[in-house]
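Single-structure report; data block below.
The values are calculated or read from the model by the stated rules, or taken from the named source; none is laboratory data. No experiment lies behind these values; they were computed from the predicted model shown. Positions of Cβ are generated from backbone atoms using ideal geometry, with glycine treated the same way; all protein chains shown enter the neighbour counts.
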Amino acid sequence: MREVPLTIGDRRKRAVVDTVRSILEAKGHEVWSIAPDATVYDAIDEMARTGVGALLVLWGREIAGIISERDYARKVILQGKSSKETLVREIMTPSPLVTVTPEQTVDDCLRLVTVRRVRHLPVLDGGELQGMVSIGDLVKTIISSQAYTIDQLQTYIAGS
């Protein structure tokens, strides 16, 4: 996955990146995934390798669920299980998952992650996987938008 940093205060960025589609255009559409029959160890290894906090669990092209670092901590470590013997399907959060569409706004997504207490939102368009946004992506978008607004106000006030 190629990550495109949003530079705070960069005047070339839009003032408001208000949809999931805009976030995916900036960060990319790649989704990291794992099979339900993989071991939890393999899932954690993949998360560490790719620098993500969750993997979609795919059965073929179908979303079977999601596995996160939180699942690992609560369902493996705290229960004294072995990550090399436990399968992803045993601890994943199964489908149906909380998902969003490319047209949904950042505000919609922030409400969802808050109310539903999730950190990752798969993006589906017509039932087809388009990407995934995390709470970090949403916060980065808000911060970038606010920095842009501040920069524009300072430019206006300074008269330049």
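For region 26-37: of the residues being under 16 Å from the mean Cα position of the chain (by Cα) and over 16 Å from residue 124 (Cβ atoms), which is surrounded by the fewest Cβ atoms within 10 Å (Cβ to Cβ)? The residue in question is 28. Among residues of region 62-90 that are without any contact (Cβ under 8 Å) to a residue 60 or more places away in the chain, those with a Cβ under 7 angstrom from a residue that is acidic (Asp, Glu), sequence gap 6+ or separate chain, pair up as 87/37; 89/37.
Within region 51-62, the set of residues being modelled with pLDDT under 95, under 16 Å from residue 132 (Cβ atoms) and not in a loop (DSSP other than H, G, I, E, B) comprises just one member, 62. Whenever a residue of region 21-44 is hydroxyl-bearing (Ser, Thr, Tyr), its partners that are crowded, with 18+ Cβ neighbours inside 10 Å, lying with C-beta atoms within less than 8 angstrom and at least six residues away or across chains, give the pairs 22/141; 33/55; 33/56; 33/57; 39/86; 39/88.
Got at least one residue in region 127-138 being of a type in the set (S, T, N, Q) and in contact with a His (Cβ under 7 Å, 6 or more places away or on another chain)? Yes, that holds for at least one residue. Here residue 75 passes the criteria (1) in a helix (DSSP H, G or I); (2) within 25 Å of residue 22 (Cβ to Cβ); (3) in contact with a helix residue (DSSP H, G or I) (Cβ under 8 Å, 6 or more places away or on another chain) except the one numbered (2). The residues on offer are 40, 76, and the sole one that is farther than 28 Å from residue 111 by Cα, buried (at least 16 other Cβ atoms within 10 Å of the Cβ) and modelled with pLDDT under 95 is 76.
Residues checked against (1) in contact with a Lys or Arg (Cβ under 9 Å, 6 or more places away or on another chain); (2) within 17 Å of residue 27 (Cβ to Cβ); (3) among the basic types (Lys, Arg):
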residue	(1), (2), (3)
65	yes, no, no
111	no, no, yes
119	yes, yes, yes
146	no, no, no
151	yes, no, no
157	no, no, no
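Would you point out the residue of region 120-160, among those that are under 16 Å from the mean Cα position of the chain (by Cα), over 22 Å from residue 61 (Cα atoms) and not β-branched (Val, Ile, Thr), that is surrounded by the most Cβ atoms within 10 Å (Cβ to Cβ)? Once the filter is applied, the top-ranked residue is 137.
Count, please, the residues in region 83-102 that happen to be assigned to a loop (DSSP other than H, G, I, E, B) and crowded, with 16+ Cβ neighbours inside 10 Å. Matching residues across region 83-102 total 7.
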